[in-house]
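The values are calculated or read from the model by the stated rules, or taken from the named source; none is laboratory data. Note that the coordinates shown come from a computational prediction; the quantities given were computed from them, not determined experimentally. Using ideal geometry, Cβ is built from the backbone for each residue, glycine included, and neighbour counts are taken over all protein chains shown. In case anyone asks, the SASA skips ligands and DNA or RNA and just uses the protein heavy atoms, side chains included. Shrake-Rupley method; radii C 1.70, N 1.55, O 1.52, S 1.80 Å.
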Amino acid sequence: MAQDIFTIEIIKDAIVALGDEMFNAMIRTSMSPIIYETTDFAVGATDAAGNLLAQGNGVTAFLATLDTAVVSLLEHYREPGAILPGDVFISNTPYEGGGTHLSDVVILVPVFEGDDLIAWTVNKAHWTEVGGAQPGSVSTNATEIFQEGLRFTFLKLYDRGEINRSLVQLIRDNVRLPDSTIGDMHAGVAAARVGARRIGDLLDRYGKEQLLEAMGELLDYGERMTRAELVKLPKGVFEAEDIVEEDGLGNGPFTVKVKVTITDQEMVVDYTGTSPQAIGPINCSFTGLVTGARCLFKSVTNPEIPANGGCFRPLKIICPPGTLISAKAPAPVSVYYEALIAAIDVFWKALAPALPHRLPAGHQRTVGATFISGLRPENGELFVMGEPLVGGWGASSEQDGDNGQFCCANGETYNIPCELFESRYAIEVDQYAFHDEDGGAGEFRGGKGVVLDYRVATDEAYLTYAATRSAVRPWAMNGGQEGSTNYAEIHRLDGGVDRYTMCTTVPAKRDEVIRIFTATGGGVGDPLKRDRAALLADIRNGFVTEEQAVKYYGFEVTA
């Protein structure tokens, strides 16, 4: 029997809101800056079968990892009574639902009414340490998953409310930062339990029948609204390809290829033709590919609708197993995110000419994840700093690109404040500015990338860094100039400069400078047509040098 629409709407809004409450709980209770400052995590809820109901703010690229984690967990626990009230599960395996790389750990809490499984609340967060060969559990030279850290495949962290002390001790004994790692684990459990309590409150207030009806209505609403937007998109077949330059071990380049078919009923995104999986850790699993395709699909349909499983019913993703973006075990996946955003970007590149008012030119297309580790000089304790970096987005057909923003997969992500750097790590930030390297000229200019200097403030620190768009520049449109590239340098005390695009634990001594450059986005339109007042403002603001104004814009600066 149908319930009144007003009650159903109230329940639907409450389900969406619980994602925000879970998000805030994670911020308040976590111990690592990569979670509470950078917000490298996502939280949400699914129905009993694993259909995404709501997701809080956080990393957009986890959009297909919460619901698929539940689906895979259910395949592991098929027997009646295998999942019980009070259970909490943990997983980070990359090759099943919920998987990206080992550092991204999923916590899953089932919600019951009596003996009936009603829903799940899920948290996926980047732990600074999960063991492995390198500090920070990320490397560019791994050749198999076993070198990258501890792997959990849907284990019970709590069994009917009792914590698995043996598992917790195993984690503690195999990570370099046990206190913060275990602290972040408990924060993930706390955030998931907050969501579970809110679903319990809804059960108590409205009953199972109304709650389940509201869940179904929420999914159907997402589908209806998305299909209405799909009808508005241009129809046809759109193709593109691009490359990922290397895998961390010198192999490459690797091709990422896509064919997008849009009808009034569905969008089919076919990545057939993408290069086979790599020897090095650039690989991305199929779960990562799904989340990437969902990101772009959501942005060209209706990004205002809260994300849920219904929104993605019209989306079909095809990719044969064993490619760079559908890697199989035991492929290493430490820097999976570079292949993931390449998959998003090539999808974007295919549709951009048909949607010039919705999709800009190419952006920095890298997370630019930078890890610096060492010993604090005052107490000899290990520190591991990890953060993504901002760069330039491409221009559109109507305006300049955004300056200094995170890449397309990062969502509600933030940089770590310089003050926190200098208080928590043996690092000083000497410079954080927009650079003036060539790239991105156009009638509408590509957004600027940044230059960031970390000065080592201990006897020795170690850099692990990975970036793509290191040789092939961000793509431009309609006669604009391609953007610039991503890379890192270490400025040595003897005056030498070493340049890297991927490296693992490269040593830098006290007062040597680790300098990171992020790409400027691609331009749109003939640079000679750029508004002269806008160009003068660019020169005043340091976005365009006087030499670049002459060379690319044909503009002679006078006194």
### Summary
Given 10 °C, 1.306 mPa s and a Kirkwood radius over Cα pairs, the Stokes-Einstein diffusion coefficient of segment 218-363 in µm²/s is 103 µm²/s
### Summary
Note on segment 1-124: contact order normalised by length, alpha-carbon pairs under 8 Å, 6 or more apart, percent, works out to 22 percent
### Task
Only residues of segment 99-115 count here: report those whose backbone N is under 19 Å from the spot 7 Å along Cα→Cβ of Ala329, or say none.
99-107
### Task
Starting from the Cα gyration tensor of segment 17-169, multiply each eigenvalue by 5, take the square root, and state the resulting semi-axes largest first in whole Å.
24, 19, 14
### Message
Could you derive backbone 3J(HN,Hα) for segment 249-266 from the dihedral phi with the Karplus parameters 6.51, -1.76 and 1.60 (θ = phi - 60°), listing whole Hz in sequence and x where the residue is Gly or Pro?
### Response
10, x, 7, x, x, 10, 8, 10, 10, 9, 10, 10, 10, 10, 10, 5, 9, 7
### Query
If you bin every alpha carbon distance in segment 130-257 into 10 Å steps from zero, what whole percent lands in each bin?
9, 20, 20, 23, 24, 4
### Query
Which values, in whole Å and largest first, are the semi-axes of the equivalent ellipsoid of segment 176-216 obtained as the square root of 5 times each eigenvalue of the Cα gyration tensor?
33, 9, 4
### Query
Per the 1.4 Å probe, what fraction of the accessible area of the chain, in percent, lies on carbon and sulfur atoms?
50 percent
### Task
Report, in debye and to the nearest 20, how large the dipole of the chain comes out about its Cα centre when Lys and Arg carry +1 and Asp and Glu carry -1 on their Cβ.
660 debye
### Message
Per residue, how much accessible surface does the chain expose to a 1.4 Å probe? Answer in Å², no decimals.
### Response
37 Å²
### Query
If you average the sequence gap of Cα pairs under 8 Å that are 6 or more apart and divide by the length of segment 218-338, what percent do you get for the contact order?
33 percent
### Listed candidates (1) 23.6, 75; (2) 32.1, 135; (3) 23.7, 81 - label of the one calculated as Rg and Dmax of the Cα atoms in Å
(3)
#### Entry: Relative contact order (%) - the chain, alpha-carbon pairs under 8 angstrom, separation at least six
13 percent
### Query
For Arg499 and Asn164 in one chain, what is 0.36 nm times their gap in residues minus the Cα-Cα distance, to one decimal in nm?
116.0 nm
### Loop-located GluC sites (Glu not before Pro) in segment 216-290 whose Cβ has at most 14 other Cβ within 10 Å (DSSP)
Glu266
### Task
Please name which of Tyr77, Val111, Thr39 has its Cα lying farthest along the dipole of segment 37-192 towards the positive end, using unit charges on Cβ (Lys, Arg +1; Asp, Glu -1) and the Cα centre as origin.
Thr39
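Would you be so kind as to identify all helices of the chain, as entire DSSP H runs, whose Cα atoms reach 15 Å or more along the helix's own axis and whose mean Kyte-Doolittle hydropathy is at least -1.0?
Sorted by number, the helices that extend far enough and score high enough are 5-29, 65-76, 178-232, 286-300, 336-351.
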### Residues of segment 197-212 with amide N under 12 Å of a point placed 7 Å along Cα→Cβ from Phe6
none
### Message
So if each residue of separation counts as 0.36 nm, and I subtract the Cα-Cα distance between Gln265 and Arg172, what length gain in nm does that give?
### Response
28.5 nm
### Query
Quick one: if you stick a label point 7 Å off each Cα along the C-beta vector at Asp531 and Glu546, how many nm between them?
2.5 nm
### Query
Cα centroids of segment 18-62 and segment 457-520: how far apart, whole angstrom?
31 Å
